[in-house]
Amino acid sequence: MMVIICIGITLAYLVLIGSFVYGFDTIEPYETKNTTPKTKFSVVIPFRNEANNLPKLLESIHALNYPSNHFEVILVNDASEDDSVEIIQSSTQNYPTDIRITQNKRHSNSPKKDAISSAINQAKHEWIITTDADCILPQNWLQTFNAFLQETSTFCVAAPVTYHLDNSFLNRFQWLDLMSLQGATIGGFGLKKPFLCNGANFAYKKSLFFELSGFNGNSNIASGDDLFLLEKATQKHPKKVHYLKSEDAIVKTNAQPNWKSLVSQRVRWAAKTTAYKNGFGKLTGFLVFLMNFMVVLSLILSLLNLFNFRIFGYILTIKCSIDFYLIFKTARFLNQKYALKSYLTGFIIYPFFSVYIALVSIMSDYSWKGRTFKK
């Protein structure tokens with residue numbers, strides 16, 4: 001019976017990831033055009049104690065290839081205790097870009113959602129783009145969005161995010177995880193079942209935000225400013241939500257510096273899944289967890305001679321192959337194929353890591369940026 005269950009889960013997982021591969025190929029790469037700048041953007045960036053990251057972010061903002069009178073940058077200070085504000089003030093004095101600092105107004109259990117809501121209430125322009133303070137923006141970022149928006153009838157656009165890479169295994173392990181998420185994100189959009197996006201590169205109309213009542217209904221959950229808004233937008237306007245699959249729109253962010261902060265981040269991500277209502281997204285999350293749990297369990301049983309080790313090997317090979325195919329496609333799109341050399345090691349560790357994160361997210365609260373949040 002155990003063998004039949006394992007084979008059934010494996011086949012379902014194979015179909016799921018295979019469908020993401022198909023959906024990934026369905027979305028054609030977008031080539032940035034020299035379209036006349038017409039769209040005006042309000043770039044919203046919450047920050048808390050980001051003194052180490054802000055100089056590079058601000059440098060990338062100043063280098064944006066877009067008319068300075070066509071966008072503003074609203075940096076929302078979420079009770080920073082370092083020199084973040086001073087760094088912003090000193091870095092923006094001699095630039096024409098409209099960059100201003102505002103203070104976060106707390107109303108809920110989610111500081112980031114409050115920060116974004118505060119900024120949108122002050123935003124001058126119709127199109128909002130959110131990103132994070134530890135990101136670096138590509139030079140043609142806004143120009144690419146501008147061209148895409150002029151060609152596409154859309155209210156909401158998700159775009160690619162990747163990590164800066166270094167030579168550490170921890171960095172590449174996180175990158176592999178992110179590649180699987182980005183591959184599933186693009187695949188979901190290609191299947192017309194969007195269920196993932198990343199708030200480090202997410203755009204939507206201000207009018208849509210107000211139409212959806214912003215983050216009402218999930219403001220008690222600390223994270224999920226991106227996913228819950230995407231969920232609402234997909235329910236209200238399923239044909240007006242798109243993915244911008246463009247190399248010129250790739251935002252790069254920092255991986256976590258140590259295993260402790262990585263676990264904290266992933267627990268924070270996992271904590272929001274109980275409030276997620278997207279059926280396809282819930283099914284995907286459950287099946288991915290089930291597959292990883294089955295790998296861990298069947299390995300233990302095989303070592304105890306309670307499960308056929310050969311069948312376990314077949315299951316592992318199938319999972320390894322289909323996971324690699326999706327991650328390879330994503331890495332190729334993001335021009336980071338060279339980091340795949342850590343794939344096998346990461347693949348072996350990931351099921352244990354995934355199951356551990358799921359259990360911790362169920363059993364405990366979590367900390368983030370010096371604060372503790374309830375589940």
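The values are calculated or read from the model by the stated rules, or taken from the named source; none is laboratory data. Because the structure is a prediction, the values reported are computed rather than measured. Ideal geometry is used to build each Cβ from the backbone, glycine not excepted, and the neighbour counts take in all protein chains shown. Please note that ligands, DNA and RNA were not included when accessible areas were found on the heavy atoms of the full protein model with its side chains. Shrake-Rupley method; radii C 1.70, N 1.55, O 1.52, S 1.80 Å.
Place +1 on the Cβ of every Lys and Arg and -1 on the Cβ of every Asp and Glu in the chain, take the dipole about the Cα centre, and give the residue among ILE4, ASN53, ILE300 whose Cα lies farthest towards its positive end. So the residue furthest toward the plus end is ILE4.
Accessible area, 1.4 Å probe, largest first: how do LYS239, LYS277, LYS205 sort?
Working: LYS239 175, LYS277 150, LYS205 55 Å².
Ranked from most to least accessible, the order is LYS239, LYS277, LYS205.
Under 5 Å between amide hydrogens, built in the peptide plane, is the criterion, and for TYR163 it picks out THR253 among residues at least 5 positions away or on other chains. Overall, the accessible surface of the chain at a probe of 1.4 angstrom is composed of carbon and sulfur to the extent of 57 percent. Under 5 Å between amide hydrogens, built in the peptide plane, is the criterion, and for CYS156 it picks out HIS242 among residues at least 5 positions away or on other chains. Ranking PHE215, PHE309 from most to least accessible surface, computed with a 1.4 Å probe over the protein chains only, gives PHE309, PHE215.
If the viscosity is 0.692 mPa s and the temperature 37 °C, what translational diffusion coefficient in µm²/s does Stokes-Einstein give for the range 199-324 when Rh comes from Kirkwood over Cα pairs?
In µm²/s, the coefficient rounds to 182.
Amide H contacts under 5 Å for ASP98: VAL73, restricted to partners 5 or more places along the chain or on a different chain, H placed in the peptide plane at 1.01 Å from N.
Simple point charges give the picture: +1 on the Cβ of Lys and Arg, -1 on the Cβ of Asp and Glu, and for the range 1-83 a dipole about the Cα centre of about 360 debye. Taking ASP225, ASP177, ASP114 as the candidate residues, the one with maximal mean-square fluctuation in a Gaussian network model of the chain, Cα springs under 10 Å, is ASP177. Measure nothing but the geometry: give the 0 to 90° angle between the long axis through the Cα atoms of 343-363 and the longest principal axis through the Cα atoms of the chain, rounded to 10°. In the chain, helix 343-363 runs at an angle near 80 degrees to the longest axis.
For the chain, what is the accessible area per residue in Å², given a 1.4 Å probe and the full set of protein chains?
On a per-residue basis, 45 Å².
Among the listed pairs LYS40/LYS236; LYS239/LYS277; LYS205/LYS239; LYS124/LYS239; LYS206/LYS239; LYS192/LYS245, a Cα-Cα separation exceeding 22 Å is found for LYS40/LYS236; LYS124/LYS239.
Applying D = kT/(6 pi eta Rh) to the chain, where Rh is the Kirkwood radius over alpha-carbon pairs, T corresponds to 25 °C and eta to 0.890 mPa s, the Stokes-Einstein value obtained is 114 µm²/s. Length gained on full extension, SER168 to LYS282, computed as 0.36 nm times the residue gap minus the Cα-Cα distance: 37.8 nm. Phi angles of the range 307-316 translate, via the Karplus equation with coefficients 6.51, -1.76, 1.60 and θ = phi - 60°, into HN-Hα couplings of 8, 5, 5, 5, 5, 4, x, 5, 4, 5 Hz per residue; Gly and Pro are given as x. Net charge dipole, the chain: roughly 960 debye, given to the nearest 20, about the Cα centre with Cβ charges of +1 for Lys and Arg and -1 for Asp and Glu. Each Lys or Arg adds one and each Asp or Glu subtracts one; over the other residues with Cβ under 15 Å from the Cβ of GLN143, this totals -1. When the charge dipole of the chain is built from unit charges on Cβ atoms (+1 for Lys and Arg, -1 for Asp and Glu) and taken about the Cα centre, the candidate among PHE210, THR273, ILE349 whose Cα reaches farthest toward its positive end is THR273.
Within the assembled protein chains, the solvent-accessible surface assigned to SER90 is about 80 Å², based on a 1.4 Å probe. Here the range 162-306 is assigned +1 on the Cβ of each Lys and Arg and -1 on the Cβ of each Asp and Glu. Its dipole about the Cα centre then comes out at about 440 debye. On the basis of the beta-carbon distance and an R0 of 25 Å, ASN109 and VAL85 show a calculated FRET efficiency of 0.55. The Rg/Rh ratio for the range 1-108 is 1.25, where Rg is the radius of gyration of the alpha carbons and Rh is the Kirkwood radius.
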